[in-house]
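Please read the structure below before turning to the comments.
Read-outs: derived from the displayed coordinates by stated rules, not from any lab. Nothing here was measured: the structure is a model prediction, and the numbers come from that model. A quick note on method: Cβ atoms are made from the backbone with ideal geometry, for glycine too, and the neighbour counts reach across all protein chains shown.
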Amino acid sequence: MPYATQPEASHYVAGAYIEDSAGDALPVIYPATGEVIANLHAATQEVIDRALDAATEAQKEWAKLSPRERGRVLTRAAQILRERNHDMSVLETYDTGKPLQETLVADATSAADALEYFGGIANGLTGEHIPLGEDWAYTIREPLGVCVGIGAWNYPTQIAAWKAAPALACGNAMVFKPSEVTPLCALKLAEILEEAGAPKGLFNVVQGYGAVGHALITDPRVAKVSLTGSVPTGRKVYSTAAEQMKHVTMELGGKSPLVIFDDADLDNAVGGAILANFYSSGQICSNGTRVFVQKGIKEAFLKRLSERLSQAIIGDPMDEETNFGPMVSERQMEIVKGYLAKGLAEGARLITGGDQVDRPGYYLTPAIFADVTDDMTIAREEIFGPVMAVLDFEEEDEVIARANDTEFGLSAGVFTRDISRAHRVIGQLRAGTCFVNSYNDAPVEMPFGGVKMSGVGRENAKAAIEHYSQLKSVYVRMGDVEAPF
Ligand SMILES: NC(=O)c1ccc[n+]([C@@H]2O[C@H](COP(=O)([O-])OP(=O)(O)OC[C@H]3O[C@@H](n4cnc5c(N)ncnc54)[C@H](O)[C@@H]3O)[C@@H](O)[C@H]2O)c1
Ligand SMILES: O=CCc1c[nH]cn1
């Protein structure tokens, strides 16, 4: 390994790397080769306690700083992250297998954007003055306390920063548990935050499987839980958090519709469908995996899509020419292969792809199924891999009803040149994050999140502040108190 992928120790707690080899083994596997590139351990209860104690102490001091001082630390961290973008991107590629071509522009950069954004707005996080005649009231925006972040494996740096940045800006501390599949990147974020001036213990990283996540969310020291993960995990975490009335943010899975009307610009629609299905080898929560194509454009769409897919460069993710990498793990590859088999068995027409590539690592070629119907498994369940399902439609009302016929509601997209139709359709799609003539943009200035089973709360933008702070209302009487007796 030309890069050091073995961290000094498994966990970053109270400003130092710590190890407890009594924890379950947690090997880190490079998806492009299947090699073990680091050996970590899951946190024991002792490590969890140390992290929560450190966060509790650090939060008290951090909350006393002025928001401007807190913001400066985050802004400095953003700057350091940008300076180290190349190394962070290489590490993200080792963690996830995503091509360096992607990680250089979409991971540490997105994390830096979040730190910069929340650093910038920290000093604007005020309460309000409420005039009530002679009397008045005011509100104070207060932190929640210790927040727990739990991550999925597809965007390890971005997910850690999308949670840490608003949490810290609001005066909270955080204990972050990365996915057991991609545990490396968050450790670097912890180092950088401290280098930027965050007090020791403000942002801690503890490794582990679901049991460590469970131990964190049931701990009474924790005020809030922000999970990025699947719907089944979200259900468990949300209900566990509810027992102690903890605040939650749930960023969960999806099966999002992308609707392409006859009048759409063909190349833009094809480009949108590629971004909605094959970036990060299809491992993006918001992906538009149900591609509804109006009948008049269907054949041209499929032809152009196949042509463009033949230009995908599948290979070594560290080679910057590569634009399509492996799946994150053997397990995820096997799950996707299972869905490919179901698609064929249920009568969908495989246009191209779906083959395991004859090389080490977990590579599948990008797959397109046509003639998919609404009842097929590949049109109903989240696959989280490079499998596009193309469904035909004729009428606008019909496609809106079919697009909404899902338990999920993370994202939706529309391609059309008719601007009135674009907004009319988007207005009726039940999804939290939508796109017009585009797909999968995730700027930090725009709230991100889902409706229905896809989640609760929003990440990014000013909206995230509501989920990492609470208001104290203070009524002020200026005159005498009039009591009935
Ligand atoms: N909406 C979003 O922003 C978003 C972003 C990325 C990924 N995702 C979703 O994440 C899923 C893929 O990620 P995954 O396979 O890592 O998801 P997952 O649900 O298996 O795991 C997510 C995290 O939860 C932890 N966990 C598991 N059981 C737990 C429990 N009982 N208590 C506490 N923590 C527990 C895991 O260790 C992991 O860190 C997909 O469904 C994808 O759509 C959503
Ligand atoms: O995986 C979901 C979060 C996301 C969407 N686009 C970039 N990151």
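Numbers for the structure displayed
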item	result
Rg [Å, one decimal], Dmax [Å, integer] - the stretch 257-436, C-alpha atoms	15.7, 49
Antiparallel %, DSSP beta bridges [both residues in the chain], to 5	45
Sequence of S473, S226, S89, S438 once ranked by neighbouring C-beta atoms within 10 Å, starting from the fewest	S473, S438, S89, S226
Hydrodynamic radius (Kirkwood) for the stretch 144-242, which is based on Cα pairs only, to one decimal in Å	13.3
Given charges at beta-carbon only (K, R positive; D, E negative), |dipole| of the chain in Debye	620
Sites matching GluC sites (Glu not before Pro) across the stretch 111-169 that sit in DSSP coil, with at most 11 neighbouring C-beta atoms within 10 Å	E128, E134
The stretch 257-436 - charge dipole about Cα centre, Lys and Arg +1 at Cβ, Asp and Glu -1, debye rounded to 20	100
Inter-part distance where the stretch 63-121 and the stretch 1-35 are each reduced to a Cα centre, Å	21
FRET efficiency for D263 and K342, using Cβ-Cβ distance with R0 set to 22 Å, rounded to 0.05	0.10
Relative contact order [Cα under 8 Å, 6+ residues apart], the stretch 257-436, whole percent	28
Loop trypsin sites (Lys or Arg not before Pro), the stretch 410-466, which have at most 13 other Cβ atoms in a 10 Å radius of their Cβ (DSSP)	R417
Fewest-first sequence of M388, M453 by Cβ atoms within 10 Å of each Cβ	M453, M388
Positive-end extreme of charge dipole, the chain - chosen from N268, T377, A186 (charges on Cβ)	A186
Distribution of pairwise C-alpha distances over the stretch 234-362, 10 Å bins, in %	10, 32, 33, 17, 7, 1
Packing-based exposure ordering (other Cβ within 10 Å, fewest first) of W136, W153	W136, W153
Sites matching chymotrypsin sites (Phe, Trp or Tyr not before Pro) across the stretch 1-48 that sit in DSSP coil, with at most 12 neighbouring C-beta atoms within 10 Å	Y3
Stokes-Einstein D in µm²/s, Kirkwood radius over Cα pairs - the stretch 67-190 at 20 °C with 1.002 mPa s viscosity	139
Degrees between helix 298-309 axis and first principal axis of the chain (Cα, 0 to 90, nearest 10)	70
The chain: relative contact order as a whole-number percent, Cα under 8 Å and 6+ apart	18
Per-selection Kirkwood Rh - the chain (Cα, Å, 1 d.p.)	23.3
For the stretch 327-348 and the stretch 155-193, distance of Cα centres in Å	31
Over 17 Å [Cα-Cα, the stretch 63-106], rounded percent	47
